[in-house]
Structures are given as structure tokens and as C-alpha cells.
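Worksheet: one structure, shown below.
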């Protein structure tokens, strides 16, 4: 039992740093660049994406023995799209403001290769339990990186944090940080730092 | 005198070996190189072919930029000196840190970047912005690629474009008229403190200087043309080192005579610029200013002589250099005339920097077909 718990724990945590989807595998960059300029957008996006990863991993894992190999990608896409529509409608109904701000990027969760990657490489060959843990771990890793990036971009770009003014009126906003290229710089710095602390094993 | 310097340097070497400050050895090596050492073999461009070494080469560029820098002080006040000084302190500081961490020599490329960058700035830019700009430019324009010789873009222009996009209000809408009479050698325009407490909402207002648009912005807004004579001598508003055409030409010719800069790039750049500006002015004189005015205003001459000739970020084949200059000229004319920006030199050069190795590749594969299997 202890061994199983440990294994589950490892599945859950490896997405955070060691196999972080954004910083390590450099997947899902498009949405990372687009929405990470405000912390609230980042949080909404990471919750939505994590939900989609976990539920599609679970569904794919449950259906793994019934999905024909040749059309598996198409089936995954349908499953993922279903959950993305759920997230999109939910945001539109309850958080119209956030929905408006991150607009098309919610729909584009479908194309986030992190999700497809988890379905293809893990959920399609594992039982539902580990698949949920794996999806949750990777989702947390994605959220973690989004939060880290917007923790730099929002104060520099707007002088705010979660919409509250944190830097005084003396602060001149860095417009570059609001735009996607600013995310490139911040993302690059994080990748640099992480690779220096945890060098890749050859 | 020479022996004394040698002796004290040796003393420092011996002392440094034992002390905990050993990582600072590159600093001492750089000092040594200024006085004594010759060139070592380079691995990446700029390659050297004669006795002149990388250090001297870069120091010559600094010499060549001196007239423009002095003109900046004369026209816009002592504050220009602070701008240059801050650029040097931050830029060289970053360079020393990277050299110490990488255990490499300090490269003199930073000396050039740190003088060229402030010369492209508006005279009353807040001083902290200068520091931020040079920091970001050297870090992201040069060091992350591996230091001097490995950068894709001209680091001075990366610094400038960073500020240009981050703080457009300060970088484009904020110019002062040059000083009258004895000029800036006896005046300090703009307050040092006000530069630090500024916010974008209230733009810096320099002490006794009068705000004025640059000739190019003027043309874009009203179609008014500044007199050519003023443009030639530099008595117009603009960036610190960019207004005086004659002094830029002086420095540029110095670079070409000492063969630090290849004459092909400035010639093809300015030549193609003149031709295209002439053609487009003929087609649509409302959008495209006359040739003479365009040639002497804005950063064209400065860019052509000091920025486009960077041996690292430009192409190294002769044919490639011609091509590079020609397209730079065309792009500059088009950006100035058609886009929303008043000035296009920076964009044109950075844009062509992307393609410089591709251009080299094409030239080599065309010229040396048989050698390349």
C-alpha cells in the first residue's frame, strides 16, 4: 500500500518541476504566452486546462480498450473538445469578464498539446486511477508555470497584482510585458533558471 | 612608464591568484590587453586579419562615435553625459558579471554597445530607463546567445527597441530643441531627480529646454520640412548623437579609412536609400519626403555607419554586405513613408540582422558551389 501511495505521489509531483510541461517539455506555449499577462487570467486558464486534462485523461483511460488504434487521435480530440466546451460555457455563464479577456484562448485549449500528449502517452496505456493523478500533476505543473510567469508580467506590465495596485504611481508600466513577446523573455529566464538548478540528465 | 605599468600589473596578477577575488581576473586581463597583449585567434566573426586586435577595433569605434557624443552634450546639455555614464556603468557591470561567471575574457564589444546606445536616445529620457534598456539589451541581445561574436542582433539596437516598445510615450513623443548660444557645455538640461520620479503620464520637462518634435515626426504630422542646413550641422531636435550629419560622417569616414567598418554596407545602404527615396518621392510626395531631407534627418546616417556595419550581426561576405545594405535602404524608405512610425532605420537594420546568416549562406552556396560539393 505504501508503495502504491508513493508511486501516486510521484505521479502527482513530477509535473511540477522535473517534468514541468511548460518549462521542461516546452509544450502549450501558445496559451502560456497569450494569457499570462494577468494573474486572474492565468488562474482561470490553469483551472480550465487542469479540468480538461484530468477529465479527458480519465475518459481516455476508461475507453482505452475500445478506441480503435487508427482513429485514436480523432477520438481524443472529440473527447477533449467536449470538456473544453464545458469550460467555455461555464466561464461565459459565471465569469463573463474573464471569458471576454481570454476569449479565443479557452477554445484553443483543444489544441494545447499538453492534453493530447497526456492522453497519448499516459492515459491510453494506464488505469483510470494513475491517469487522473498524472493529469492532475501535469495540470498543476502548467498552472504553476502560468502563475510564476504572470507573477512577473502583471506587476511589470500593469503595476498590479490580481487587479490590485501593488506598485505605486511612480511605476512606469512596461508595455512589452503586456504583449506576448514579454512572456517569451520571462519564460526564457525561467527555463534558464530551472535548467541550471536541475540539469538535464544525459 | 611602460615598465612601471607592467610591474604593477604583474603584482596584481600575483596578488589576485591567492585572493578570494579570483573571479575578477578577466577585469585585470582586460586592463593588460589595453596596454600590452596582442590578438588571440578568434573562433567566430569578427575575424581579424592583421595586427589590429579586437580590443583596438572596438576602441576605434568608440573614438569614431566621440564627435557625435560631444555634439550631443553641446546640443542638449550636460545631462547627456549622465546618460552615457549610466549606460557604461550598467552595461560594463553586466559584462563583468558574465565574464566572471563564464571565466572568459571581458570583451570590448560592450564598450561599443554602451556608447552607441545612449546616442540613439531622446535627450531627456529618464535616467533609470537608460539603465533598464542597456541591461535588457546586453542580457537578451548578447549574453543569452553566448556573448560577443554570437549575437544575432545588434545589442545597442536591441536595447533601444526594448525601450521603444516598453515606453513609446517617452521614446517617440518627447524631444527638446537644441540649446542656443554657447550650448550645453555650460548648461545642464533636465533635472537628474525629475528623471527618476517620472511617470509616463507626466512626461519629463527639461529645465530650460523647449520641447519640439523631430524633423521626421514634423513631416509625418504636418508635412513641414526642416531646412537642410540645420539638419547638416545638427541644429534640430532628435536623439543625442543623431542630429549632426557632418559629425556622423566624420566618424563614419574614420571607421572606413581605418577599415574597421566595411565601406560596402554604408555605401549600399545610403545609395539604395537615396535611389528608392527618389523614386517613391516622385510617386507620392505627400507620404515620402524629398531625398535630401530624408538623408540628413533621423537616424539614417548614424545607423548606416555605426549600426549596420556591426561585424557580428551583419553578413560577412562581400556580396552579402551589398545585398544587406540595399534591402536595409528599401525597408527604411518604406517604413518611414508607409508605416505609422516616423523613423524606420532601427527596424530595418534589426530586421535584416535576422537574415544576415541566411544571406551569407546564399552567397557562399552561389560563389563556392564547386567547393561545397
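Derivation of every value follows stated rules applied to the coordinates shown; laboratory data play no part. Quick caveat, the model's predicted, so the values are computed rather than measured. Here the Cβ positions follow ideal geometry from the backbone for every residue, glycine too, while neighbour counts run over all protein chains shown.
So the values come out like this:
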{"quantity": "Chain A, relative contact order [Cα under 8 Å, separation at least 6], %", "calculated": "35 percent"}
{"quantity": "Alpha-carbon centroid distance for the pair the range A:155-202 / the range B:75-139, whole angstrom", "calculated": "22 Å"}
{"quantity": "Sorted peptide list for A:12-25, B:261-274, criterion being average Cβ within 10 angstrom, highest first", "calculated": "B:261-274, A:12-25"}
{"quantity": "Shielding of A:175-183 by partner chains, average beta-carbon count, 10 Å", "calculated": "3"}
{"quantity": "Segment residue B:152-residue B:85, extension gain: residue separation times 0.36 nm, minus the distance between their alpha carbons", "calculated": "21.5 nm"}
{"quantity": "Tilt relative to chain A, helix A:39-63 - C-alpha long axis, 0 to 90 degrees, to 10", "calculated": "10 degrees"}
{"quantity": "Bins of 20 Å, starting at 0 and running to the largest distance - Cα pair percent for the protein assembly as shown", "calculated": "18, 42, 31, 8, 0"}
{"quantity": "Order of B:58, B:145 - criterion: other Cβ atoms within 10 Å of each residue's Cβ, fewest first", "calculated": "B:145, B:58"}
{"quantity": "Exercise: per-residue mean of other protein chain Cβ atoms within 10 Å, B:163-175", "calculated": "2"}
{"quantity": "Gyration tensor over alpha-carbon atoms, chain A, equivalent ellipsoid semi-axes in Å", "calculated": "31, 21, 14"}
{"quantity": "Residue-averaged 222 nm ellipticity for the protein assembly as shown, from DSSP H runs of 4+ at -39500 (n - 2.57), nearest 500", "calculated": "-20000 deg cm²/dmol"}
{"quantity": "Full-extension gain in nm, residue B:5 to residue B:259, via 0.36 nm per residue minus C-alpha separation", "calculated": "88.5 nm"}
{"quantity": "For peptides B:297-309, A:142-154, sequence by mean Cβ density within 10 Å, most packed first", "calculated": "B:297-309, A:142-154"}
{"quantity": "Degrees between helix A:72-94 axis and first principal axis of chain A (Cα, 0 to 90, nearest 10)", "calculated": "40 degrees"}
{"quantity": "Cα long-axis angle, helix A:180-197 against chain A (0 to 90 degrees, to the nearest 10)", "calculated": "60 degrees"}
{"quantity": "Relative contact order for the range B:277-373, counting Cα pairs under 8 Å that sit 6 or more residues apart, in percent", "calculated": "27 percent"}
